[in-house]
């Protein structure tokens, strides 16, 4: 007890001596008023308050918070220490505000709930169950591990998509640059050399037409692309469009299979950690439904909730949609329900799907590489033929 009291005095002293930089805009306990500040300060504050908190930052926070609570450090002091430690400006403000709410007598879960765009329903549910059971440190360790897995999955998906997207962007920019700057100069040179436009090959004529459209109507193309983008956003946000777009994505060759595995992994892993934390099945499923980013999977989860309320098992409610949930998943869930080990079975399924996603990403990369090489080669060859053929003709005329 003496050691804990001494540590508490040291921590309190440390927090009092901590200097918060004005440049970072970190205000202890969130008591900050920028109404009398200049426009640049307000813009800076707006950008900070609307920045996104990365999953990795939250996973690190929950893990260190669990370690500190397990070591006997009070929650409020631990959060203050972590607020000073983080380099993410918005997250630091949020942590100071949470610490202030705790000082006023609030709970950790209720303080986190004030930031729904940062802490999701799954995280709040795990923290609430930990507070109710008195084992919040254990629940925070599990939550940290789950967020670490989500971060790793996110990194895998982003890494796999960088290569094809980068190649396409560079190719499009290079092609547009040639159309706007190279082709007009080349055509002028060919005409000065005595080559008539009707003597140009069909590919060269097509290239000239595209170049003229890009040079003369670039503003209309940009406006058209923006209009199409906004119309597409309106459609996918409509009641019918969001489900249709979800179906198109899930049925898309190769990529659709990967997306279905990702959504099954999120469904199973989230359900598993919530049930393991002691939440009732219905409440766990409701949190899963709210956290699913796929409209189709969210809709199916709400249907499962209705059927479970009527006495059905989760596995029985999922078995009629093998496109969304394969038979192996429903069979293993059925075993978990029969043996009252849903948490452990869910963890096994999640591990299996994590490996499946790894294998699918490797297959995708091995498939994309030759496709991109062929695509780039064909594009370069067509451009070269369209440009070089009239040059050869001009050379023959000169000789």
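The values are calculated or read from the model by the stated rules, or taken from the named source; none is laboratory data. Quantities reported herein were computed from a predicted structural model and do not represent experimental measurements. Heads up, the Cβs are rebuilt from the backbone with ideal geometry, glycines too, and the neighbour counts pull from every protein chain shown.
Quick look at the values:
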item	result
Search result, residues across region 111-136 that are surrounded by 15 or more Cβ atoms within 10 Å (Cβ to Cβ) and within 13 Å of residue 94 (Cα to Cα)	111, 112, 113, 115, 118, 119
Residue 200 being more than 30 Å from residue 122 (Cβ to Cβ) and under 23 Å from the mean Cα position of the chain (by Cα)	no
Contacts under 8 angstrom Cβ, first residue in region 269-292 being buried (at least 20 other Cβ atoms within 10 Å of the Cβ), partner not in a helix (DSSP H, G or I), 6 or more apart	287/279
Some residue of region 120-134 being touching a residue at least 60 places away in the same chain (Cβ under 8 Å), more than 27 Å from residue 285 (Cβ to Cβ) and outside any loop (DSSP other than H, G, I, E, B)	no
Residue count, region 91-119 (criterion: in a helix (DSSP H, G or I) and either in contact with a strand residue (DSSP E or B) (Cβ under 9 Å, 6 or more places away or on another chain) or touching a residue at least 40 places away in the same chain (Cβ under 8 Å) (or both))	8
Given (1) within 23 Å of residue 305 (Cα to Cα); (2) exposed (fewer than 13 other Cβ atoms within 10 Å of the Cβ), number of the condition residue 337 does not satisfy	(2)
For residue 316: the one exception among (1) part of a helix (DSSP H, G or I); (2) within 24 Å of residue 149 (Cα to Cα); (3) at pLDDT 85 or above	(2)
Test: residue in region 326-333 that is in a helix (DSSP H, G or I), under 29 Å from residue 263 (Cβ atoms) and out of contact with any helix residue (DSSP H, G or I) (no Cβ under 9 Å at 6 or more places or on another chain)	yes
Sole exception among (1) outside any helix (DSSP H, G or I); (2) more than 25 Å from the chain's Cα centre (by Cα); (3) surrounded by fewer than 18 Cβ atoms within 10 Å (Cβ to Cβ) for residue 73, by number	(3)
Top-ranked residue in region 38-53 [being loosely packed, with under 14 Cβ neighbours inside 10 Å and not in a helix (DSSP H, G or I); ranked as modelled with the lowest pLDDT]	38
Criterion (in contact with a helix residue (DSSP H, G or I) (Cβ under 6 Å, 6 or more places away or on another chain), modelled with pLDDT under 85 and in a helix (DSSP H, G or I)) met by exactly one of 144, 150	150
Where residue 35 falls short, out of the listed (1) modelled with pLDDT of 70 or more; (2) assigned to a loop (DSSP other than H, G, I, E, B)	(1)
Residue check for residue 276: at negative phi and modelled with pLDDT under 85	yes
Residue 299 being touching a helix residue (DSSP H, G or I) at 6+ places or on another chain (Cβ under 6 Å) and in the same structural domain as residue 251 (by TED's automatic domain parsing)	no
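Residue by residue, here is whether (1) over 21 Å from residue 153 (Cβ atoms); (2) in the same structural domain as residue 260 (by TED's automatic domain parsing); (3) over 27 Å from the mean Cα position of the chain (by Cα) holds:
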site	(1), (2), (3)
318	yes, yes, no
325	no, yes, no
336	yes, yes, yes
346	no, yes, no
349	no, yes, no
359	no, yes, no
364	no, yes, no
369	yes, yes, no
377	yes, yes, yes
